[in-house]
Amino acid sequence: MSKSRLEAFTDAVIAIVMTILVLELHQPTTDTLAGLVGIEKKLFIYIVSFVMLAIYWNNHHHMFQLVKKIDGRVLWANNFFIFTLTLVPFATAWAGDFIDSLVPQITYGLMVLLANISYLVLTRELIRINGSDAPLGELFQRYNKSYITIFLNVLGLLLGWLIHPYFVLVVNIGILIMWIIPDRRIEKQYKK
């Protein structure tokens, strides 16, 4: 199967999700900086979520530069990944409205955890179909960054539950920093 349609579809869905995300931000009611008072928390979590989507898109794009083959299982794994990203606007809006509340923050953290698990599943399926001896397999076979990320997601959820809901967001921001630059080994592989 050709990977180009899957990439195009994923690009389109992520672009739509980013667009829906901004629709939850309502313009200030005045023309001064005072108009931003009251929406700063929603604006902050919007920025975090937008950056998260951009990081997923960048890493998905980089990973697919090494992909030669896909199959039905890869399509379903990618659909699972896309599904989790479509939850971002809902979780962002709720967490933005109730940034100090446990249930919205846990929901946001669970959405991020689910997205990270789906990205790992997609990676594993791509390695399966392309082979562990293919460039993608060689780079990601012993790639622990995804597992560390999932561990940190769970830690953030626990800290949010036991200490304060803010910890869910704080840990997820730390994870974003960890992923902001795609693996440079991929660029070296496809520049050959």
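The values are calculated or read from the model by the stated rules, or taken from the named source; none is laboratory data. Note that the structure is predicted; figures quoted are calculated from it, not measured. Don't worry about glycine lacking a Cβ; one is built from the backbone with ideal geometry, like all the others, and counts go over all protein chains shown. These area figures cover heavy atoms from the full protein model, side chains too; ligands, DNA and RNA do not enter into them. Shrake-Rupley method; radii C 1.70, N 1.55, O 1.52, S 1.80 Å.
Key figures for this structure:
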| read-out | value |
| --- | --- |
| Complete set of residues in the range 49-58 that are surrounded by fewer than 19 Cβ atoms within 10 Å (Cβ to Cβ) and touching a residue at least 40 places away in the same chain (Cβ under 8 Å) | Val51, Ile55, Trp57, Asn58 |
| Filter result for Arg124 (open to solvent by 60 Å² or more (accessible area, probe 1.4 Å), in a helix (DSSP H, G or I) and closer than 23 Å to His61 by Cβ) | yes |
| The listed residue being closer than 26 Å to Ser118 by Cα and open to solvent by 70 Å² or more (accessible area, probe 1.4 Å), out of Thr32, Thr19, Thr10 | Thr19 |
| Qualifying position, being polar (S, T, N, Q), modelled with pLDDT under 95 and either surrounded by 15 or more Cβ atoms within 10 Å (Cβ to Cβ) or in a helix (DSSP H, G or I) (or both), among Ser146, Ser132, Ser118 | Ser146 |
| Subset tally (residues that are in contact (Cβ under 8 Å) with a residue 12 or more places away in the chain, outside any helix (DSSP H, G or I) and surrounded by fewer than 19 Cβ atoms within 10 Å (Cβ to Cβ)) for the range 66-98 | 5 |
| Restricting the range 34-78 to residues that are among the small types (Gly, Ala, Ser) and farther than 30 Å from Arg184 by Cβ, the residue that is nearest to the chain's Cα centre (by Cα) | Gly72 |
| Options Thr29, Thr92, Thr107, Thr86: the member that is touching a helix residue (DSSP H, G or I) at 6+ places or on another chain (Cβ under 9 Å), of a type in the set (Ser, Thr, Tyr) and at pLDDT below 95 | Thr29 |
